[in-house]
Every structure is written in structure tokens, then in C-alpha cells.
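Written below as C-alpha cells is the structure these notes are about.
Read the figures in this text as sums done on the coordinates, not as results from a lab. The structure displayed is predicted, hence computed values, not measured ones. Ideal geometry is used to build each Cβ from the backbone, glycine not excepted, and the neighbour counts take in all protein chains shown.
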Amino acid sequence: MGPYSDLIFQMSLHLIQLPILTDNYAYLAVCSQTKACAVVDPGESDSVLEALDHHKFTPSLYLITHHHGDHVDGLSSLVARYPAPVYGSQFDLERHQIPHQTFGLRENDTVALGISSFSVIETPGHTLGHICFTWSDGIFSGDTLFAGGCGRLFEGDASMMYMSLQKIAALSDHTLIYCGHEYTDSNLAFAHTLEPNNSTLNQKISDVKTKRAKNISTIPTTLKEEKSYNPFLRAHVPELIHSVQKLFEIKNPKDPTLVFEATRLLKDQF
Ligand code: ZN
Ligand code: FE
């Protein structure tokens, strides 16, 4: 790292990834200048409290992508110890779906953290109120975009999720993807069934195997990488369409939403 990368580091967020539960990631996002700290998707409290104690951080706020227990169940204990505002979607606020939620966010709303700030994108599909938090060089994508995959459609439908993923795909290629789960290995195994000849995918599979064997996280990835092998961002790719069609009748294979829908259904059965 030269002086310029140090400078960039100083001006941006410092992220600490916390493996929690079976395969979830919570995050601490810390403003490098002010040390203001955001806790993201605390699905449990013990590991988060331990990390806060260890680094001597006090949460300034909590950011929640969606209401599922594996993203919110740590909130009660955390808020009891460190009271601070809890930000989630306006949709989830109105339905009281996130414990202790104080603020409801909509598309393009911002949340300040020290000298940095997060911008909200609404990404319904996995749940109807799912949101992602973006900043200058990254995104907390929750259970919308995973490395090599995407969230299941629990509340929304395929066209909703496809549009949500397209919004993320429109961010800069350099965007770092910080998602809610370590599912990369099995996601790539599915991707391989559709694009066995994708050399970027095959390289990624072997990199991920090496990392997981050493219990190293595969997150973050970049949007650029994801576009090169994530089947849920590749509904326009002929080899993928061809593979999906062999398993699933698609009315119009030129309609990426229909290709996406079929791909998601195949993944559900994988
Ligand atoms: Zn979820
Ligand atoms: Fe989850």
C-alpha cells in the first residue's frame, strides 16, 4: 500500500466482518475519522458484543437489511447494552417486523455515519421490505445478492427480485459486495451446472474451495466478478439460457426476467 491507498483508507469506512450463527455475516462499519460505528444485521448478540468490547467501539446506530431472525435476533440484547437508533425499511417499520426499529428508510434515503454516509436502495424479492445500504465503494446486500447467488423468493416474486438485482448491477463494477451469508461454495456448484465452460467461474470455484478449506471468508467479492459468473446476473448469456432451457421450458428465452425466474426455480431444487 502506497501513500495514496493509505489516504483512501483514511477517508473511507473500516469494515469488520463477524461470522455468526451457522453461515451468517454481521458487520461493524466504522468511520475511520470519527470512530462512529454501525452494527449491520446482528443475527445474534454474543459475537457482536465481543467484537465491540475487543475494539472498544460503541454503536452509533444499527442497520438492518430485512426482518428475518438471522439478521435481527441480536438487536434486543445489543440495544439494551448500547441504545442507538435502528434503521430498516419503511415497509418493515410499518409492519413492526424489526425489533426496536426507530427509523423507516425509502429509496435514496441516506444514513450518516461520521464523515461517511450510506444510501438506501429498495430491493424487494427475498422479503418485500428488503433494503441494501450502499456507500462510495461497497454495498451491504443482505439476502438479495450473494457471492455466486441470490436470496430465495420468500415474499416477493421473480420480476421484483430481478429488478432489485438489476439495480445492484447498475452500481460501479468496483463495488464490493458484503452479503449476509457464506453460501458461495454451494452457489458456485449450482452455477457450474449451467455454465460448465465458464473459465472465470471454474477459477473462482477452485479459489473458493481453497479458502473454505482454511475457513477463510469468501466475502466480499466485487460486482465485476459477480457479473462474470453469478447466474442470477447472467440471464442474457447464451450458454446459461441454453442450459436452463434443457431443464425448464421458458416461454420466451429472450426475456431475462423469465430466464431469471427459471434459474431461481432450478436453484430451489438443487
Ligand atoms: Zn433472509
Ligand atoms: Fe439470512
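Structural remarks
- With contacts taken as Cα pairs under 8 Å at a separation of at least 6 residues, region 8-77 carries a relative contact order of 28 percent.
- A simple count of charges around residue 29, restricted to other residues whose Cβ falls under 14 Å of its Cβ and scoring Lys, Arg +1 and Asp, Glu -1, yields -1.
- Annotation for residue 117 and residue 173: the two label points, set 7 Å from Cα along the Cα-Cβ direction, are 2.9 nm apart.
- Highest-fluctuation residue, 216, 131, 20 considered, GNM on the chain with Cα pairs under 10 Å: 216
- Rounded tilt (10° steps) of 256-269 against the dominant C-alpha axis of the chain: 80 degrees
- Ranking of 65, 127, 221 by count of other Cβ atoms within 10 Å, fewest first: 221, 127, 65
- Net dipole in debye of region 153-270 [+1 Lys, Arg Cβ; -1 Asp, Glu Cβ; about Cα centre; nearest 20]: 280 debye
- Max mean-square fluctuation residue, GNM over the chain, Cα-Cα springs under 10 Å, options 74, 88, 104: 104
- Using alpha-carbon coordinates, inclination of helix 158-169 to the longest axis of the chain, degrees: 60 degrees
- The charge dipole of region 8-268, taken about its Cα centre with unit charges on the Cβ of Lys, Arg, Asp and Glu (plus for the first two, minus for the last two), comes to roughly 520 debye.
- About the Cα centre, charge dipole magnitude for region 208-270 (Lys/Arg +1, Asp/Glu -1 at Cβ), debye: 360 debye
- Principal-axis tilt of helix 184-194 within the chain, Cα atoms, nearest 10 degrees: 20 degrees
- Spatially close lysines, pair count over region 8-268: Cα under 17 Å, gap of eight or more or interchain: 8
- If you run the Gaussian network model on the chain, springs between alpha carbon atoms under 10 Å, then out of 141, 76, 89 the most flexible one is 76.
- Ranking of 57, 248 by count of other Cβ atoms within 10 Å, fewest first: 248, 57
- Sequence-separation-based contact order of the chain, relative, with Cα cut under 8 Å and 6+ spacing, percent: 12 percent
- Whole-Å distance, taken between Cα centres, linking region 72-93 and region 129-165: 20 Å
- Angstrom value of the Kirkwood radius, inverse mean 1/r, which spans all Cα pairs in the chain: 19.0 Å
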